[in-house]
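Notes follow the structure.
The values are calculated or read from the model by the stated rules, or taken from the named source; none is laboratory data. Computed from a prediction, not measured in an experiment: that's the story for all the values here. Cβ: placed from backbone, ideal geometry, glycine included. Neighbour counts: every protein chain shown.
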Amino acid sequence: MNTTADSLRDLHLLHQRAKALRDRLSSGPKTVAARQAALTNRQAALEASRKALQEAKVQLKKREHSIQSHQAKIDDLRAKLNQVKKNEEYRAIQNQIALDKGQIEKLEGEVLEEMVQIDERTAAQAADEAEVKKFADEFARLKEQVESQAVPQRVQLQELEAAIVEAEDVIPEDLRERYRRTVKQHGADAMAPVEHGACSGCFVTVTAQMLNDLINAATLTFCRTCGRILYLAEEDVLTTRRTAQ
Ligand SMILES: [Zn+2]
């Protein structure tokens, strides 16, 4: 068994690549779910404003009908005016006509205001519909992209996992259990290069004995502070080689 820096570095790299893939595989669906929720909210808001606009149009129609019925009433009253004989009755009808005319004026003012509002809201609604449609199209593209990428990513992850098992051959049998525990605890960060004489996981300096063990590469060396599996960084390997010569 030879736990050289190269073989451990390769194993570390495989762990890191597998983690990056797992992260991508889990972040893609999360992004899709978040966008889906946002799209659903926007569609619900759009539907609510569409209904409110419809309701406003119904109210407008009602006022227009109301104007017509006041107008019809005035026409009836005018016909009556020609038939009444008493002054008192004549004045009462004239007063009623004036009241209805006042109602019509008020309603016409409201109708005009509502028509302007409805026009503005119709234009805003159309713009919102177009925007939500664009958002929905973008969402559909994103969803398709994430789903189609997931297939090769899963295959790649399986390949990486197989490569990790193979690369784990360098782990001495008696340290497999400890290696597994460390990987379980730290994930892809379970291994750390020793850079400038310190563990790059916790930045604590390694002892001369540990450095010797790393150079001999006969067994695994664990950081005494953070527990990570250590290996020499490339430049440290070169330095130690130069020192040895
Ligand atoms: Zn450490």
- Going by the structure shown, is residue 44 among the small types (Gly, Ala, Ser) and modelled with pLDDT under 95? no
- Exactly one of 136, 188, 150 is in a helix (DSSP H, G or I), hydrophobic (A, V, I, L, M, F, W, C) and farther than 30 Å from residue 43 by Cα, and that one is 188
- Task: Consider residue 73 carefully, then state whether it is in a helix (DSSP H, G or I), within 15 Å of residue 104 (Cα to Cα) and in contact with an Asp or Glu (Cβ under 9 Å, 6 or more places away or on another chain).
- Result: yes
- Can you work out which of the residues in the stretch 201-214 that are within 11 Å of the ligand (Cβ to nearest atom) and buried (at least 17 other Cβ atoms within 10 Å of the Cβ) is farthest from the chain's Cα centre (by Cα)? 210
- Return yes when residue 66 is in contact with a Leu (Cβ under 7 Å, 6 or more places away or on another chain), more than 30 Å from residue 190 (Cβ to Cβ) and modelled with pLDDT of 95 or more and no when it is not. yes
- With respect to residue 231, is the statement that it is within 14 Å of the ligand (Cβ to nearest atom), among the aromatic types (Phe, Trp, Tyr) and within 42 Å of the chain's Cα centre (by Cα) true? yes
- For residue 51, state whether it is part of a helix (DSSP H, G or I), among the basic types (Lys, Arg) and either in contact with a Phe, Trp or Tyr (Cβ under 9 Å, 6 or more places away or on another chain) or touching a residue at least 24 places away in the same chain (Cβ under 8 Å) (or both). no
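Go through the stretch 219-245 and give me each residue that's under 21 Å from residue 183 (Cβ atoms), small (Gly, Ala, Ser) and at pLDDT below 95. Lay out the reasoning, then the answer.
Within the stretch 219-245, the first condition is being under 21 Å from residue 183 (Cβ atoms), and the residues that meet it are 219-233.
Among the residues that remain, those that are also small (Gly, Ala, Ser) are: 227, 233.
Hit for the stretch 219-245 is 233, nothing else.
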